[in-house]
Each structure stands twice: as C-alpha cells, then as structure tokens.
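Worksheet for the structure shown next.
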Amino acid sequence: MEFGWNEAEQAYRDRVRDLLDELLPDNWDDMAVHGPGSLEQTDFSKDFCPRLDAAGLLVPHWPRAHGGEDGAAWNQFILGEELWAAGEPRGPQYMNVNWIGPVLMRYGTPEQQAEFLPSMRAGQVIWCQGFSEPSAGSDLAALSTRAVPVEGGYEVTGAKVWTSYAGLADWCFLLARTSAEGKGGIVILLVPMNAPGIQVKEIPALIGRGDIHEMFFDSVFVPADRRLGEVGQAWEIIRYGLQNERIGIPRYAFSERMLDRAVARLKADGRFDDPVVQDRLGRAWAYCQAARLMVYRVVDDRAKGREPNAYGNLARWAVVRADQASNDALTELAPDGLLGADPLQQAHHQRAIAAGIAAGAAEIQLNLAARHHLNLPSEK
C-alpha cells in the first residue's frame with residue numbers, strides 16, 4: 001500500500017509552507033509561547049486569518065455555497081498539519097473553521113448560517129464551547145446547567161469550567177439541560193458572550209495565558225431562534241462535532257517538528273551520537289507516525305462519506321500518546337529548548353500538558369474504544 005502523497009497533494013503542502021514563510025513574523029516563535037487563547041495570539045489571528053483567507057487557505061474545505069472551495073478532506077488535513085506544526089497561528093479560530101462552522105452548515109437554520117458563518121469565514125470572530133462542568137467533564141451526559149423554557153426562549157443558569165478562549169470569545173456553543181431525561185434532555189444554544197448574566201473568570205495555568213476559564217450563567221436569556229437543531233437532536237449534533245474536534249488538532253505534527261529541531265541542536269552540539277539518545281527520540285518519533293496513520297484512517301473514512309466510528313477514539317488516544325512521549329523525551333534529552341534555546345519547544349511543552357485532557361479525557365476515549373471497538377460490556 002502506498003502511504004505517500006501524490007504530486008498535487010505535495011504541491012498543496014508546499015504552497016501552505018511557502019505562505020507561512022511569507023506571513024509569519026520573525027518573532028512568531030516567541031509569540032506562540034503565550035498560547036492560542038492569549039491576547040497576543042488572538043489579536044494576531046484577526047490579522048492572520050483574513051490574509052490566509054485572501055490566499056484561499058482559511059476555509060477551502062467548506063462548501064462553495066458558504067464561501068469555501070469544496071476542498072478535499074485530505075487537503076484540509078494537510079493544511080491543519082502545517083498550521084499546527086508552525087504553532088497554530090489561527091489561534092482560537094481553528095475551532096471555528098474546523099468544527100463549529102461545519103456543524104452549523106449541517107444542522108443550523110438558513111438564518112443561523114447567514115448570521116454566523118460570514119464572520120467565521122472573515123476570520124474576525126472568536127467562539128468558545130461551553131461543555132465541561134465542575135461535576136461533568138468528559139461525561140457530557142452528566143451536565144447540569146439548566147435551560148428552562150420561558151416565553152420566547154430559554155433562561156440559562158449554571159456553571160462551566162476549563163472553557164478554552166472564553167475570556168476573549170464573542171460567542172459560546174453552549175450545552176444545557178431542559179429536563180432530567182439524560183442525553184435527550186440536552187439542548188445546544190448559541191449564546192453571545194456579552195449577554196447579561198454571564199461572568200467569566202480566567203484559571204491561571206501552565207498551558208498558556210487565556211486558555212482556560214470558568215463561566216457562570218445567572219438567569220441568562222437566550223432566544224429560541226438561537227437553539228441549534230431540533231429538541232432531542234443535541235446528542236447527535238454533539239457526536240458529529242466531537243468527531244471533528246477530537247482529531248481536528250494534529251498534535252503529532254507539532255511534536256514531530258519539535259523532535260526534528262531538537263535532533264538538529266543535538267547534532268550541532270555533538271550530543272546525538274549516544275545510542276540511548278537516538279533510541280529515546282526514535283521511539284517518540286515512532287509514536288508520532290503511529291498517531292498520524294491512526295488519524296489518517298479517520299480522515300479516509302470522512303473522505304469516503306462513512307459515519308463516525310470508534311476509530312476516532314483510538315486516533316485521539318494515539319495522538320495523546322505521541323504528544324506525551326515526545327514531550328517526555330524532549331524534556332529529558334533536550335531541556336535547553338525549555339531554557340531559551342527554542343521558544344517553540346516551550347509552547348509544545350505547555351500544550352502537551354493538556355493533551356490528555358483537552359477535547360475529552362484520554363481515559364474516556366479508552367472506555368469508548370473498549371465499548372464500541374472491542375465490544376466489551378459496560379461495568380454494571
């Protein structure tokens with residue numbers, strides 16, 4: 001089987017790399033250290049994303065009806081790999097274009113699409129996702145934030161935690177509960193972050209400034225036309241969105257780039273001749289290749305129009321293992337990168353810390369894989 005890229009795909013990758021060389025400033029590595037939710041990267045994204053769009057590389061995978069180019073699923077992942085390997089200059093906007101936008105295209109009303117998609121395509125809007133709660137992390141079915149039906153819409157009361165980008169977000173893709181009927185009692189609401197009754201508190205963390213927050217909703221009114229999908233359809237929408245999100249960040253590409261940069265420094269310093277060093281870094285590189293192929297399996301399913309399946313959970317676990325193995329090896333064998341020799345390695349280190357938690361805890365992915373891939377029974 002041939003796993004290589006064809007001529008057109010390689011040319012597309014080269015085009016993306018050339019554009020990044022042109023658009024990224026000389027101090028980009030230092031800027032990337034702050035994290036995609038920081039004020040620095042968020043502001044930069046609002047300059048970078050329109051320029052990316054002008055080159056036809058912000059939403060080429062979107063349908064032409066919504067301003068895209070009907071691009072191939074493989075080209076979307078080539079673009080994602082190169083942007084993530086560079087430190088993700090789209091900042092928090094990668095979430096808009098990769099999964100919130102496509103979810104709105106599939107489940108949103110024409111009015112919702114007309115309201116929300118143009119600003120995403122213009123690269124001028126920040127979204128956050130109100131999923132995890134103090135007592136409901138990766139187990140989203142346990143969420144307790146209430147959306148009480150009132151005249152003209154819903155009144156939302158509750159709390160969310162670990163919410164990425166909330167401090168600078170314009171909109172929230174919010175999950176709330178209208179009843180105690182498990183998954184069937186959940187609704188998705190598209191909530192403006194400046195609505196009365198919303199309070200946001202940043203949680204200081206090692207993974208970057210502005211990346212995680214608490215959100216509190218105190219009788220926040222949300223109009224009925226801001227509900228996404230039909231009543232009882234939320235879980236179907238969530239599954240579709242999470243399938244895009246869980247493999248939507250090609251972390252292995254960033255890890256592989258950091259390994260390459262560390263090897264170059266080690267060779268220059270005469271420290272790469274040690275077979276223990278070679279073995280340790282080689283194993284980390286192998287984890288990256290394994291994660292890449294697992295993700296490619298999911299992309300292939302998507303390209304062929306297959307329904308989401310347990311391979312998304314397996315790929316998510318493989319990506320986490322690659323990120324952690326690379327970070328462990330780099331921290332042990334090339335700590336100079338964390339001490340100033342490579343600012344981008346510090347950014348990688350910060351994001352690797354969160355790799356097993358962001359987009360659903362890795363352990364939950366193993367549980368889902370056991371149930372849906374190995375067909376093991378659930379614990380009674």
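The values are calculated or read from the model by the stated rules, or taken from the named source; none is laboratory data. In this text, all values refer to a predicted model and were calculated from it rather than measured experimentally. Note that each Cβ is placed from the backbone with ideal geometry, even for glycine, and that neighbours are counted across all protein chains shown. Protein only, heavy atoms only, side chains kept; ligands, DNA and RNA dropped before computing areas. Shrake-Rupley method; radii C 1.70, N 1.55, O 1.52, S 1.80 Å.
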Length added when fully stretched, Glu332-Gln199, from 0.36 nm per residue minus Cα-Cα: 43.8 nm
Given that compact globular proteins tend to follow 2.2 N^0.38 Å, what is the ratio of the alpha-carbon Rg of the range 307-354 to that value? 1.42
Pull up the DSSP beta bridges for the range 117-172 and report the antiparallel fraction as a percent, rounded to 5. 75
In the chain, how does Rg compare with the Kirkwood Rh, expressed as the Rg/Rh ratio over alpha carbon atoms? 0.96
Length gained when the stretch Lys183-Tyr296 is fully extended (0.36 nm per residue, less Cα-Cα span): 37.7 nm
Take every DSSP beta bridge whose two residues both sit in the chain, then give the antiparallel share in percent to the nearest 5. 85
Per-residue ellipticity at 222 nm for the chain, helices alone: DSSP H runs ≥ 4 residues times -39500 (n - 2.57), over residue total, nearest 500 deg cm²/dmol? -15000 deg cm²/dmol
In the chain the accessible area split gives carbon plus sulfur, as whole percent at 1.4 Å, a share of 52
Rounded, prolate or oblate: which one fits the range 113-161, using the alpha carbon gyration tensor with axes a ≥ b ≥ c (rounded when a/c is under 1.5, else prolate when a/b beats b/c, else oblate)? oblate
Glu115 to Arg17: extension gain in nm, 0.36 nm per residue of separation minus the Cα-Cα distance? 32.0 nm
For the range 40-151, fraction of C-alpha pairs farther apart than 16 Å, in %: 64
I need the Debye-formula profile for the range 55-111: one equal scatterer per C-alpha, no solvent, reported as log10 I(q)/I(0) at q = 0.16, 0.29, 0.30 1/Å, two decimals. -0.49, -1.31, -1.35
What accessible area per residue comes out for the chain, rounded to a whole number of Å², with a 1.4 Å probe? 44
Per GNM of the chain with C-alpha springs under 10 angstrom, the most fluctuating residue out of Leu266, Leu333, Leu79 is Leu266
Distance between Cα centroids, the range 267-329 to the range 80-138: provide it in whole Å. 25
Ratio of alpha-carbon Rg to the 2.2 N^0.38 Å globular estimate for the range 158-270, to two decimals, please. 1.46
What is the distance in Å between the Cα centroid of the range 214-235 and that of the range 171-193? 4
Pop the C-beta distance of Ala159 and Arg106 into the FRET formula with R0 = 35 Å and round what comes out to the nearest 0.05. 0.75
Can you compute the FRET efficiency between Ala142 and Asp170 using 1/(1 + (r/R0)^6), with r the Cβ-Cβ distance and R0 = 25 Å? Round to the nearest 0.05. 0.35
Surrounding charge for Asp29, neighbours by C-beta under 11 angstrom, Lys/Arg +1, Asp/Glu -1, total -2
In the range 283-340, which trypsin sites (Lys or Arg not before Pro) fall in coil by DSSP and have 15 or fewer other Cβ atoms within 10 Å? Lys304, Arg306
